[in-house]
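Input: a single structure, listed below in structure tokens.
The values are calculated or read from the model by the stated rules, or taken from the named source; none is laboratory data. Here the structure is a predicted model, which means the values were calculated and not measured. Cβ atoms come from the backbone with ideal geometry, glycine included; neighbour counts cover every protein chain shown. Heads up: the accessible areas ignore ligands, DNA and RNA and are worked out on the full protein's heavy atoms, side chains in. Shrake-Rupley method; radii C 1.70, N 1.55, O 1.52, S 1.80 Å.
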Amino acid sequence: MKSVLDRNNFSEWYSEILKRAEILDVRYPVKGVYVWYPYGLRLRNLIYGILRALMDEEHEEVLFPLLIRRDELLKEKEHIKGFEEEVFWVTHGGTTELDVPLALRPTSETAMYPVFKLWIRSHRDLPIRVYQIVNTFRYETKHTRPLIRLREITSFKEAHTAHASRREAEEQINKAIAIYRNFFDRLAIPYVITKRPEWDKFPGAEYTIAFDTLMPDGRTMQIATLHMLGENFAHTFDIRYEAEDGSSKFVNQTCYGISERCVAAVIAVHGDDHGLVLPPPVAPIQVVIVPIIFTSGADKPSESEAVKRACNVLHHELKGAGVRVFLDDSPERPGAKYYYWEMKGVPLRIELGPRDLANNSCTFVRRDNFVKWRVPLTTAVSEVKNTLDDIQHSLHARAMERLEIGVVSDETELKNATGIVALPLCDRESCGKELEESTGASVLGEVLYASHSSGGKECIICAREAKHVLVARTY
Ligand code: A5A
Ligand code: ZN
């Protein structure tokens, strides 16, 4: 079968794959909102199952309302400055104008924190660590893109915490970084972690730490953020607790979030010209069995029956072993089935025909590298498990190799660079902005985690004392 996709032309590749692999239907007639197909939703649910399990270890799930009173939303001055152009408003009930306009949550600080005030009385009520996975709405004016820049984010995982001290809040940020690293490692998604510059932090936060991954077109995508809120929101919403010594103190808060951009990352980072390539832990179908039965020609009916029986047995055994397996016994030709399941990203295909059966074996074909080999039926189940593990490792290694970080020492080198670039830059906004304007790239921020960092010590713009930062064109 011809490969019909060209990942080098990423934008078109991405749109085509969402359609052909049935991830999202983009034909919904509202800008920036899309429909999950069943297959896409299964992928999303497997990915979020991992995230949810990680969150559940130290957080409690909550569910707050979608609607936020206007006066609450406007209370935190920095926060609303950042979000006021992005809020969708509900102004009417039927034909009656509402006394208090209601916002559709763009994020839930101002929904949750007035309630935190009610929940928190004494130090014994702390820490609070909650999360929810909900839809949020942002009136994005930049070019909207499925899973990446949405007006309805359908799968916004937001965690919110409150602590007795600044130190505990800092510790929580570190724990959350570890959780997110674990999450993206399980998806085999490579990332860099940086501290966002002042001008790019979350509105209302003291500082923001972000995870970015590299997309095939050389631009980075922010896939997670963590925010140290300090006492900012606590002062605005008057969230205090009685300390052990009887004094009244403000809580310290953090929040951190992930959206369906993590699904976009899985699709974009691992996919190829044949379609999706899904990491086994999140593949809705991990193994597809394709019986090789020729309807005409030399096959004897008894041979076909034996092949079908062997496929059923293998299907049953794999299911019993906890593998997400599908037996494709539809009347399509084997070649058409291969093409279809490759597009869907199924990590492993097992072909079983009369010749395999004569050798008491079957044929494995890996989706990630198309390597093909014969496996005895007696060891097929254990070989499937080993192969799925191996595919996961290979995908991770391949993706890590692709996330290269270039090191540059002057502006000309920077202009010619692609992907993520490490360089020395000082703290001053004027230097950062100058660099962003002259290159069209963005300062991701000071490096906290990356495979490389720049060796330079002087700011590339002003030659003052510099920090090691990463720069890239971004989504
Ligand atoms: N309350 C905090 C957690 C918050 O709202 N943080 S945030 O604004 O940075 O959003 C969290 C993450 O959601 C971002 O890191 C980004 O990966 C994702 N995100 C933000 N806007 C998005 C949009 N319009 N479409 C899809 N994902 C988005
Ligand atoms: Zn400088």
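Couple of notes before you dig in:
- For GLN286, the amide hydrogen comes within under 5 Å of the amide hydrogens of ARG324, VAL325, counting only partners 5 or more places away or on other chains and with H modelled in the peptide plane.
- Angle between the chain longest axis and helix 429-439 axis [Cα atoms, degrees, rounded to 10]: 40 degrees
- Cα centre as origin, Lys/Arg/Asp/Glu Cβ charges: the chain dipole, Debye: 1160 debye
- Whether the stretch 64-222 is rounded, prolate or oblate, judged on the alpha carbon gyration tensor where a/c under 1.5 counts as rounded: oblate
- In terms of accessible area, using a 1.4 Å probe and ignoring ligands and nucleic acids, SER165, SER430 rank largest first as SER430, SER165.
- Distance in nm between pseudo-label sites at TRP373 and GLU85 (7 Å out along the Cβ direction from Cα): 5.6 nm
- Against the chain, whose longest principal axis comes from its Cα atoms, helix 301-320 is set at around 30 degrees.
- Shape call, the stretch 38-139: gyration tensor on alpha carbons, a/c limit 1.5: oblate
- If the segment from ALA397 to VAL62 were pulled out straight at 0.36 nm per residue, it would be longer than the present Cα-Cα gap by 117.0 nm.
- In summary, the lysines within cross-link reach of LYS300, defined as a Cα separation below 23 angstrom excluding same-chain residues under 8 places away, comprise LYS308, LYS337.
- Percent of Cα-Cα distances greater than 21 Å, calculated over the stretch 237-380: 55 percent
- Cβ charges +1 (Lys, Arg) and -1 (Asp, Glu), total dipole of the stretch 284-372, debye: 200 debye
- Area projected by the alpha carbon convex hull of the chain, averaged over all directions, nm²: 27.7 nm²
- Taking a ≥ b ≥ c as the square roots of the eigenvalues of the alpha-carbon gyration tensor, the stretch 207-246 is classed prolate because a/c is 1.5 or more and a/b outweighs b/c.
- Note on the chain: with neighbouring protein chains present and a 1.4 Å probe, carbon and sulfur make up 49 percent of its accessible heavy-atom surface.
- Ordering ASN135, HIS92, LEU150 by the projection of their Cα atoms onto the charge dipole of the stretch 40-197, which places +1 on the Cβ of Lys and Arg and -1 on the Cβ of Asp and Glu, puts LEU150 at the extreme positive end.
- Positive end of the dipole of the chain (Cβ unit charges, origin at the Cα centre): among ILE267, CYS459, SER409, the Cα lying farthest that way belongs to ILE267.
- Charges were assigned to the Cβ only: +1 to each Lys and Arg, -1 to each Asp and Glu. The resulting dipole of the stretch 54-126 about its Cα centre is roughly 360 debye.
- Normalised by the number of residues in the chain, the mean separation of alpha-carbon contacts (under 8 Å, six or more apart) gives a relative contact order of 14 percent.
- Ranking GLY345, ILE179, TYR191 by Cα position along the charge dipole of the chain, where only Lys, Arg, Asp and Glu carry charges on their C-beta atoms, puts GLY345 farthest toward the positive end.
- Projected label distance in nm at SER430 and SER15, using a 7 Å step from Cα toward the beta-carbon: 4.3 nm
- Taking all protein chains together and rolling a 1.4 Å probe, TRP89 ends up with roughly 90 Å² accessible.
- Rounded to 10°, Cα long-axis angle of helix 109-119 versus longest principal axis of the chain: 70 degrees
- Reachable lysines, given that their alpha-carbon falls under 19 Å from the alpha-carbon of LYS77 and they are not under 8 places away in the same chain: LYS117, LYS201
- Where THR378, THR91, THR154 fall by accessible area, highest first, once all protein chains stay in place (1.4 Å): THR378, THR91, THR154
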